[in-house]
Amino acid sequence: MSYVDEVLERVIAKNPAEPEFHQAVKEVLESLRPVIEANEEKYRKEALLERLTEPDRQFKFRVPWVDDKGQVQVNTGYRVQFNNSIGPYKGGLRLHPSVNLGIIKFLGFEQIFKNSLTGLPIGGGKGGSDFDPKGKSDREVMAFCQSFMTELCKYIGADTDVPAGDIGTGAREIGYMFGQYKKIKSVYEGVLTGKGLSYGGSLARTEATGYGLLYLTEEMMKCNGHEMKDKVVCISGSGNVAIYATQKAQQLGAKVVTVSDSTGWVYDPEGIDVALLKEVKEVKRARLTEYAAARPSAEYHEGRGVWSIKCDIALPCATQNELLLEDAKQLVANGCIAVAEGANMPTTLEATEYLQKNNVLFAPGKAANAGGVATSALEMSQNSERLSWTFEEVDGKLKDIMVNIFHNLDDAAKRYGKEGDYVAGANIAGFEKVADAMIAQGVC
Ligand code: NDP
């Protein structure tokens, strides 16, 4: 049996109730087959894959807090420190009722390769809780965050493990957690990223994922003989990633004609009005029907449908599994040149394969949406230096990082005879650096 198959079997046997973790390990190891087969004897002797798929350590803890009625509530907290061979553990804290150990491990495992791809010194980790901030008062959220951090603070630190936001963990939650860390430890250090600007946050973090997506897409287009100017772009979602992807695409001369939310989508052939979109989504927190009502050129449609519009570039920026095989077929039939994932895992495996087989340039989320975590690492650098860089400085570094990511994955794909397969390229480039560091550091 091949080394990859052996390790896959072992991961499933050792972690029986964690299907998302199995899926993530399978996806990564399958695409690494050529690299692993080329070094099979060495990696097997080093037990490299066994070590890579076993977290350095994982914490699971009780989080008791008191609700507004005086009732004690109990949630479960998690932090998985997966791999720190290239830098301190780094990865978000997800607060959502669906959170369990398998989901945190899947996200932590993926984070190792995403962080490595940025070229910055950050290892992989992830954490969270089954607490749901939706519908809770600010006081209840604060009570939860303080209790969560009372335990978590034992395991993290600016040079050890630096958590960030994720689903359910925004600026409010990060603020409460940072306050509690500071109170218990009596140290003022950049232990969390995604902080407010008044206490160590970085300019351009808000824009980073959407802007980064466009910097990488532009480079991928350029290297394949296309330019962004005058291209028609379909975007899904209308949250943080979608809004700033729309803004940057338009700054680069493209025309974005769609956005969506969880109830419907908008087609605006004149090009999305970003100021109006921000007003509707960021200020009023309203539905897209309000955008359409205020914009005569826009049509509103209920349900799904963004990918039915003819476009040159498709940027899924909403959620997982939102671009299906039939959408991929429609995009190909409409002459789409490129798809780049702003969201995490928005394209199903069958849709990805169909797009690649039909010569659509495809940039996976692991690379294309890495601008967020890269800018978090830039926040860590500013905190260590006790300095704040300007928006232009951070944005310039972000652009360089995204362009480098593209070249790294392009080169890695070429080296293994998989030219143009940016999915394989991203996994290989992310893996190589981590594998080298692990081997150099001995058995630990
Ligand atoms: P937001 O919560 O700001 O926005 C998500 C958007 O997707 C909203 O418009 C939401 O609609 C829409 N949406 C949610 N579920 C569905 C659905 N089932 N069908 C259609 N639309 C849906 O999140 P972000 O923009 O921050 O994140 C989007 C994606 O990008 C996620 O996969 C996230 O993990 C990933 N990502 C984000 C990063 C960041 O820095 N923000 C970094 C890296 C990855 P509604 O308004 O109705 O809720």
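Brief remarks follow.
- Checking each residue in region 243-276 for being assigned to a strand (DSSP E or B) and either under 24 Å from H226 (Cα atoms) or not hydrophobic (A, V, I, L, M, F, W, C) (or both) picks out K255, V256, V257, T258, V259, S260, G264, Y267.
- Count of region 171-181 residues which are open to solvent by less than 30 Å² (accessible area, probe 1.4 Å) and within 13 Å of the ligand (Cβ to nearest atom): 1
- Some residue of region 250-263 being open to solvent by 40 Å² or more (accessible area, probe 1.4 Å), basic (K, R) and either closer than 18 Å to A343 by Cβ or touching a helix residue (DSSP H, G or I) at 6+ places or on another chain (Cβ under 9 Å) (or both): yes
- Residue in region 95-109 that is open to solvent by 10 Å² or more (accessible area, probe 1.4 Å) and hydroxyl-bearing (S, T, Y) present: yes
- Candidate set from region 182-202 (those that are farther than 28 Å from G239 by Cα and touching a strand residue (DSSP E or B) at 6+ places or on another chain (Cβ under 9 Å)); member that is most open to solvent (accessible area, probe 1.4 Å): K185
- Test: residue in region 306-315 that is closer than 30 Å to L192 by Cβ, within 11 Å of the ligand (Cβ to nearest atom), outside any loop (DSSP other than H, G, I, E, B) and in contact with a Phe, Trp or Tyr (Cβ under 7 Å, 6 or more places away or on another chain): no
- For region 232-246, filtering for residues that are within 13 Å of the ligand (Cβ to nearest atom) and open to solvent by 20 Å² or more (accessible area, probe 1.4 Å) leaves 3.
- Checked against the criteria, G168 counts as in contact with a His (Cβ under 6 Å, 6 or more places away or on another chain) and crowded, with 19+ Cβ neighbours inside 10 Å.
- Considered as a group, the residues in region 321-340 that are touching a strand residue (DSSP E or B) at 6+ places or on another chain (Cβ under 9 Å) and free of Cβ contacts under 8 Å to residues at least 60 places away in the same chain include one that is farthest from T263 (Cα to Cα), and that residue is C336.
- Whichever residue in region 61-82 is surrounded by 13 or more Cβ atoms within 10 Å (Cβ to Cβ) and charged (D, E, K, R) and, among such residues, is nearest to D161 (Cα to Cα): R79
- Region 144-165, subset in contact with a Phe, Trp or Tyr (Cβ under 9 Å, 6 or more places away or on another chain) and open to solvent by 20 Å² or more (accessible area, probe 1.4 Å), residue farthest from the ligand (Cβ to nearest atom): K154
- Extreme residue, nearest to E385 (Cα to Cα), among residues of region 203-231 that are surrounded by 15 or more Cβ atoms within 10 Å (Cβ to Cβ) and among the charged types (D, E, K, R): R205
- Residue among R44, R51, R94, R10 that alone is farther than 26 Å from V443 by Cβ and of a type outside the set (S, T, N, Q): R94
- Selection status of A318, on the phi < 0 side of the Ramachandran plot, within 16 Å of the ligand (Cβ to nearest atom) and not in a helix (DSSP H, G or I): yes
- Scoring Y188 on the criteria (1) more than 22 Å from T390 (Cβ to Cβ); (2) part of a helix (DSSP H, G or I) leaves a single failure, condition (2).
- Helices (runs of 4 or more DSSP H) contained in region 345-444 and holding at least 2 residues buried (at least 24 other Cβ atoms within 10 Å of the Cβ) and within 17 Å of the chain's Cα centre (by Cα): 365-368, 371-385, 391-415, 422-440
The values are calculated or read from the model by the stated rules, or taken from the named source; none is laboratory data. Everything numeric here is computed off the predicted structure, so don't read it as measured data. Note that each Cβ is placed from the backbone with ideal geometry, even for glycine, and that neighbours are counted across all protein chains shown. These accessible areas exclude ligands, DNA and RNA; they are computed on the full protein's heavy atoms, side chains included. Shrake-Rupley method; radii C 1.70, N 1.55, O 1.52, S 1.80 Å.
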